[in-house]
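Only one structure is covered here, and it is reproduced in the block below.
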Amino acid sequence: MTQKSKQMQVPIVQDILSANDEIALQNRETLDRTGICMVNLMASPGAGKTSLLLRTIESLRTKLRMAVIEGDIASTVDADRIAQENIPVVQINTGGQCHLDAPMLRRALHQLHLPDLDLIIVENVGNLICPVDFHLGEHLNIMIASVPEGDDKPYKYPGIFLAVDAVVINKIDLLPYVHFDLAAFRTLVTGMNPDVHIFEVSCETGVGIAPWADWLVQQTGKCQD
Amino acid sequence: MHELAITQNILKIALSHAEQAQAIRLTAINLVVGELTGFVDESIQFYFDMLSPGTPAQGARLVIRRVPARLRCRECGEEFALRPLDWKCPRCSAVGGTVLQGREFCIESIEVE
Ligand SMILES: Nc1nc2c(ncn2[C@@H]2O[C@H](COP(=O)(O)OP(=O)(O)O)[C@@H](O)[C@H]2O)c(=O)[nH]1
Ligand SMILES: [Mg+2]
Ligand SMILES: [Zn+2]
Ligand SMILES: [Zn+2]
């Protein structure tokens, strides 16, 4: 300690993702200027993000002006599918990165004509860990948990369940075939996050989509005041 | 893969603070990572060793302090350490609770010379 007299400790206490947070805040301001609601949709691969998007577009097409931002590691399959619905869609290829980040979103927002929109839904990369921490400028964080993935996801990925505004339980048409204790799942999720909204849907049959879509309309309205 | 993006952020923040402190060399970076972030593993040292050569942070140690999760029961107010796969209050068995600690994800300090 004595001979290395110049050595010192510099306190910082700065969030590691603060640079991303700053750009997310700018994105948020851009959206707020035109009264647009942006939703960050997160889930494991195959949980039903694209399916829920398609169902949501189908039910809200006449009520809201929507656009979709598709995050995908490499392909454009989901974006192509959405484009068939005649909805503006921007594809972000993350080039291998496992999450979207705020600078990517900023570029995507530049490609949309914002005054024409009420709601932007972002399909994040299929992953339950880092998308939670890389804010985009979203107003709402939504997670899809699908029945075949099992009811123990909240134990394994507490971070996402603590962070989201709503959990959409998808593929409830499979409940008769797969062990998934809905009541226990609900108790655990609300115990972790008492403000969370929980929806039970099947994108296959369309069951439960109406309450989810109504809620989204209501939330979008809050961004327009 | 997100460890790469995260390590880039860590390096950038650390270097800018080292510069402000007019340091010549960065010898260590002290990180605080909460158990509930499910984030960083040891591979960030690997990325760090890849990204830092040629900067004042070359050769620096990354020291990760992991913060265990603590909850407060919303029913009875008991404070308790989270046990994996068990989000129950040890006193009244209510499920869940308010997170008191375990979601940290920051650089606490750097050591420079
Ligand atoms: N049985 C059933 N299958 C579904 C449901 N929703 C989606 N799927 C199927 O799950 C697979 C993955 O869905 P997709 O929307 O592409 O998931 P993503 O990877 O999260 O975008 C597809 O084969 C869908 O047809 C559902 O409610 N019930
Ligand atoms: Mg998809
Ligand atoms: Zn990632
Ligand atoms: Zn209790």
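The values are calculated or read from the model by the stated rules, or taken from the named source; none is laboratory data. Quantities reported herein were computed from a predicted structural model and do not represent experimental measurements. Glycine gets a Cβ as well: all are built from the backbone with ideal geometry, and neighbour counts include every protein chain shown. Accessible surface areas use protein heavy atoms only, side chains included; no ligands, DNA or RNA. Shrake-Rupley method; radii C 1.70, N 1.55, O 1.52, S 1.80 Å.
Only residues that are in a loop (DSSP other than H, G, I, E, B) and open to solvent by 20 Å² or more (accessible area, probe 1.4 Å): list them for segment B:35-66, please.
Listed by number, the residues that qualify are B:Gly38, B:Asp41, B:Glu42, B:Pro53, B:Gly54, B:Thr55, B:Pro56, B:Gln58, B:Gly59.
Tell me which of these A:Pro131 doesn't satisfy, since it passes every other one: (1) part of a helix (DSSP H, G or I); (2) open to solvent by 40 Å² or more (accessible area, probe 1.4 Å); (3) in contact (Cβ under 8 Å) with a residue 60 or more places away in the chain; (4) in contact with a strand residue (DSSP E or B) (Cβ under 9 Å, 6 or more places away or on another chain).
Status for A:Pro131: all satisfied but (2).
I need the full set of residues from segment A:122-149 which are within 12 Å of chain B (Cβ to nearest Cβ) and within 16 Å of ligand 2 (Cβ to nearest atom), in order please.
Hits for segment A:122-149 are A:Val125, A:Asn127, A:Leu128, A:Pro131.
Being loosely packed, with under 15 Cβ neighbours inside 10 Å, of a type outside the set (Phe, Trp, Tyr) and without any contact (Cβ under 8 Å) to a residue 12 or more places away in the chain is the requirement here; does A:Thr34 meet it?
Spelling it out, it is not the case that A:Thr34 is loosely packed, with under 15 Cβ neighbours inside 10 Å, of a type outside the set (Phe, Trp, Tyr) and without any contact (Cβ under 8 Å) to a residue 12 or more places away in the chain.
Could you tell me whether segment A:26-39 includes any residue that is outside any strand (DSSP E or B) and within 21 Å of A:Val201 (Cβ to Cβ)?
No, the conditions are met nowhere in segment A:26-39.
Considering each of B:Ala60, B:Ala81, B:Ala94 in turn, give the residue that is farther than 23 Å from A:Asp195 by Cα and more than 16 Å from ligand 2 (Cβ to nearest atom).
Only one candidate qualifies: B:Ala60.
Just the residues that are open to solvent by less than 10 Å² (accessible area, probe 1.4 Å), more than 9 Å from every other protein chain (Cβ to nearest Cβ) and either among the acidic types (Asp, Glu) or in a helix (DSSP H, G or I) (or both), please, taken from segment B:3-34.
Selection gives B:Thr7 alone.
Listed here are the residues, each with its yes/no results for (1) closer than 19 Å to A:Lys156 by Cβ; (2) open to solvent by less than 60 Å² (accessible area, probe 1.4 Å).
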{"position": "A:Thr187", "(1), (2)": "yes, no"}
{"position": "A:Thr190", "(1), (2)": "yes, yes"}
{"position": "A:Phe199", "(1), (2)": "no, yes"}
{"position": "A:Cys203", "(1), (2)": "no, yes"}
{"position": "A:Gly208", "(1), (2)": "no, yes"}
{"position": "A:Gln219", "(1), (2)": "no, yes"}
{"position": "A:Cys223", "(1), (2)": "no, yes"}
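To keep it simple, each residue is scored yes or no on (1) within 16 Å of ligand 3 (Cβ to nearest atom); (2) assigned to a helix (DSSP H, G or I); (3) open to solvent by less than 20 Å² (accessible area, probe 1.4 Å).
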{"site": "A:Ile120", "(1), (2), (3)": "no, no, yes"}
{"site": "A:Gly126", "(1), (2), (3)": "yes, no, no"}
{"site": "A:Asp151", "(1), (2), (3)": "no, no, no"}
{"site": "A:Tyr155", "(1), (2), (3)": "no, yes, no"}
